[in-house]
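Student: Mind having a look at this structure? Questions to follow.
The values are calculated or read from the model by the stated rules, or taken from the named source; none is laboratory data. Bear in mind the structure is a predicted one, so any value in this text is a computation, not a measurement. Don't worry about glycine lacking a Cβ; one is built from the backbone with ideal geometry, like all the others, and counts go over all protein chains shown. Only protein heavy atoms, including side chains, enter the accessible area calculation; ligands, DNA and RNA are left aside. Shrake-Rupley method; radii C 1.70, N 1.55, O 1.52, S 1.80 Å.
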Amino acid sequence: DRSPSRGLGDVYKRQQQDRGKRLLQWNIIVSMLSQVLSLVINLISKRVICLYLNVEYLGLQSLYSNFCDVLSFAYFGAGTAMLFSFYGPLARGDRERLAAIYKQYDSIYKKMTWTVLGIGTLTTIFAVFSVNASISDVEVAVTYLTFMLSVVLYNRHMVRNYFIQADQRRYFVAAVTGGVDASALVIEILLLKFFRSYEAFVICILVKNILINAIFGRYLKTRYGYLFHKSGELEKEEADTIRSNVSDMVMYRFGKVLISNTDNIFISRFISTAMVGIYSNYQFIIAGITSLIAAFYEAITARVGQMMSVSERENQYNGFQFYSFINSWMAGATIVCFYYLVQDFIKIWMGSVELLSRDVIIVIIVNYYLEICRSATKMYRESAGLFKNIKRMILIKGGLNIVLSYIMGKIWGLWGILFATTIASAVTLFWYEPLIVYKYFKKSFMNEVYYQFITLLQMAVSLFVTGMAVRALPDGGILYFLLKAAVCGTVCNLCYLVFYLIFRQKMKRCSGT
């Protein structure tokens with residue numbers, strides 16, 4: 001069939017593919033650069049708080065973030081379900097359905113905001129109770145309410161953020177957020193330097209979040225004006241599906257915050273808020289590395305999601321295998337560098353602060369691996385809309401983490417609290433989430449066992465080889481650290497480059513049989 005219509009169709013298809021590739025490249029580049037900028041901004045921000053206030057305020061900041069993350073779980077859960085709802089209509093260009101879905105989620109977010117605002121106000125009592133420092137209760141209450149309000153107002157319009165990302169334009173979200181954050185940092189430093197006021201600092205965060213929302217709102221009305229035109233209502237079946245997906249993902253996020261956002265509360269009560277500040281230095285570095293990897297996967301999620309709505313399952317599985325290998329490379333390389341560099345980096349960054357013991361650092365690394373090794377799996381699970389059943393396991397994990405953290409924290413302190421997370425992760429989501437994805441692809445779970453074995457073997461080899469190279473370096477100050485960082489980054493990535501070449505040859509042989 002050589003008809004003109006088919007020729008035009010092929011041209012249009014190629015144009016759409018080229019557009020998708022360009023957007024993917026922009027998303028990856030800008031998102032990664034923005035995330036690096038965000039890490040630098042936060043490094044400076046934490047150092048300035050410690051310099052002009054003290055380490056207790058550093059702990060206070062981490063504590064507030066934990067409380068607000070707990071309050072925000074519903075927003076992020078609904079956002080994941082929302083992205084899945086937008087992929088299909090965006091791929092087909094169905095504007096009327098997009099407008100109806102957007103309206104539905106905007107209504108959900110509005111109801112969430114009033115609920116969270118009420119609950120957040122009540123949690124002020126718990127925030128004051130959790131602080132174990134020489135900071136007045138009045139200051140804690142006022143600064144917490146301001147911080148909480150800034151988070152709630154930002155989350156209220158996150159539906160705008162998610163829609164832009166679903167249209168493969170995460171680069172715009174990243175560029176705006178990075179630009180406003182960088183500008184706000186200058187003002188925050190000046191406020192802390194001249195007023196030594198944490199309240200002024202959190203007011204600046206509030207204004208910054210309002211500004212970011214205003215920019216996203218303007219962009220959405222200019223580029224996607226059809227979202228705000230009168231549209232029909234979703235059919236009852238589809239509306240029920242959306243509510244079900246939102247419910248599942250909200251519970252999933254709730255379980256996650258029970259795991260990741262309760263440790264600091266236990267540390268503050270069982271040890272001290274100052275210890276939260278010390279641990280937060282390591283936590284910040286791990287969170288920064290995690291956010292870089294998350295930025296990569298978030299940049300490609302919309303592309304993967306739209307491709308999964310139109311491609312064959314076997315092709316999807318080939319993509320999953322590739323991104324799983326990239327996942328193992330990222331996890332291994334970052335763990336090697338963290339292990340050999342973290343203590344030196346904190347000494348240079350924060351000065352003469354207390355450092356954590358090596359056994360605590362190892363537990364931090366294990367917890368990081370148990371979470372980050374499933375990044376590709378999580379992306380495909382969410383892109384495929386596999387929201388069912390996962391909420392039960394995450395809730396079990398969260399509940400188990402709280403019980404074990406309380407018991408083990410009483411006995412072993414910081415190490416016990418962190419190791420409780422290790423146990424909770426290992427016996428639940430670490431194996432259960434991959435199981436769901438392999439069932440979707442109709443593949444044997446032994447593939448996951450093989451993947452984990454190869455990943456850990458690669459990491460062990462990389463750790464050993466990099467350790468040999470690092471031990472050959474002379475001791476010193478900042479120059480020594482920079483040389484050590486360069487050696488770590490180069491050697492471990494060369495190891496993984498070799499692993500990649502082996503992996504690629506294996507894939508070629510498999511495709512040829």
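Student: For the chain, what does the relative contact order come out to in percent, with C-alpha contacts under 8 Å and a separation of six or more?
Tutor: Numbers: 580 pairs, mean separation 104.5, N = 513.
Relative contact order for the chain comes out at 20 percent.
Student: Between Val461 and Thr121, take the C-beta separation as r, use R0 = 60 Å, and let me know the FRET efficiency to the nearest 0.05.
Tutor: Working: r = 53 Å, r/R0 = 0.88.
The formula returns an efficiency of 0.70 here.
Student: Using a basic spin-label model with each label point 7 Å from the Cα along Cα→Cβ, how many nm lie between Ala486 and Lys221?
Tutor: According to this spin-label approximation, the distance is 5.2 nm.
Student: With a probe of 1.4 Å, find how much accessible area region 361-496 has per residue, and write the answer as a whole number in Å². Could you put the intermediate results ahead of the total?
Tutor: On the way: 6150 Å² over 136 residues.
Ligands and nucleic acids excluded, the figure is 45 Å² per residue.
Student: Figure the gain on full extension for Val40 and Leu190 (residue separation times 0.36 nm, minus the Cα-Cα span) and round it to one decimal in nm. Please report the intermediate quantities before stating the final value.
Tutor: Working: separation 150, 0.36 × 150 = 54.00 nm, distance 1.72 nm.
This chain segment gains 52.3 nm when fully extended.
Student: Here is the link list: Lys21/Lys230; Lys110/Lys397; Lys21/Lys46; Lys111/Lys208; Lys256/Lys410. Which ones come out longer than 31 Å on Cα distance?
Tutor: Values: Lys21/Lys230 33 Å; Lys110/Lys397 29 Å; Lys21/Lys46 37 Å; Lys111/Lys208 23 Å; Lys256/Lys410 23 Å.
Pairs exceeding 31 Å: Lys21/Lys230; Lys21/Lys46.
Student: Same structure again: Sequence neighbours fewer than 8 away in the same chain don't count; with that in mind, list the aspartates and glutamates whose C-alpha is under 15 Å from Lys347.
Tutor: Straight-line reach from Lys347, under 15 Å: Asp475.
Student: Thr124: accessible area at probe 1.4 Å, nearest 10 Å²?
Tutor: In the full protein context, Thr124 sits at about 20 Å².
Student: Using a 1.4 angstrom probe on heavy atoms only, work out the carbon and sulfur share of the accessible area of the chain in %. Spell out each step's value before the answer.
Tutor: Values: 15400 of 23750 Å².
Its accessible area is 65 percent carbon and sulfur atoms.
Student: Let me ask something else about it. Given a 1.4 Å probe, how much area per residue of region 81-121 is accessible, in Å²?
Tutor: Details: 1940 Å² over 41 residues.
Counting only protein heavy atoms, the per-residue value for region 81-121 is 47 Å².
Student: Sequence-distant or interchain residues sharing an amide H contact under 5 Å with Asn132, placed H: which?
Tutor: Thr273
Student: Next question, about the same structure. Once Lys and Arg get +1 and Asp and Glu get -1 on their Cβ, which of Ser291, Tyr317, Asn327 lies farthest toward the positive end of the dipole of region 269-419?
Tutor: About the Cα centre, the residue reaching furthest to the positive side is Tyr317.
Student: Can I ask one more? Contour minus end-to-end for Tyr500 and Asp475, with contour as 0.36 nm per residue of separation and end-to-end as the Cα-Cα distance?
Tutor: On the way: separation 25, 0.36 × 25 = 9.00 nm, distance 3.26 nm.
Taking 0.36 nm per residue and subtracting the Cα distance, the gain is 5.7 nm.
Student: From the phi angles alone, apply the Karplus equation (6.51, -1.76, 1.60; θ = phi - 60°) to region 217-230 and give each ³J(HN,Hα) in whole Hz, x where the residue is Gly or Pro.
Tutor: Whole-Hz 3J(HN,Hα) from phi for region 217-230: x, 5, 4, 5, 5, 6, 8, 10, x, 5, 5, 9, 7, 5.
Student: Using θ = phi - 60° and the Karplus curve 6.51 cos²θ - 1.76 cosθ + 1.60, what whole-Hz ³J(HN,Hα) does each residue of region 166-174 get, with Gly and Pro shown as x?
Tutor: For region 166-174, the Karplus curve yields 4, 8, 6, 10, 4, 4, 5, 4, 5 Hz.
Student: Starting from region 362-419, pick out the trypsin sites (Lys or Arg not before Pro) whose DSSP state is loop and whose Cβ has at most 16 other Cβ atoms within 10 Å.
Tutor: Here the trypsin sites (Lys or Arg not before Pro) that fit, given the DSSP loop and packing criteria, are Lys388.
Student: Would you check the accessible area of Glu314, probe 1.4 Å, heavy atoms only, in square angstrom rounded to 10?
Tutor: 100
Student: Nearest 0.05, what FRET efficiency do Met468 and Ile407 give at R0 = 30 Å with Cβ-Cβ as r? Intermediate results must be reported in sequence, preceding the final value.
Tutor: Details: r = 40 Å, r/R0 = 1.34.
The pair Met468/Ile407 has a calculated efficiency of 0.15.
Student: Add -39500 (n - 2.57) for each DSSP H run of 4 or more in the chain, then divide by its residues: what number comes out at 222 nm, to the nearest 500 deg cm²/dmol? Provide the component values of the computation, followed by the final result.
Tutor: Working: 20 runs with 443 residues, N = 513.
Dividing the helical sum by the residues of the chain leaves -30000 deg cm²/dmol.
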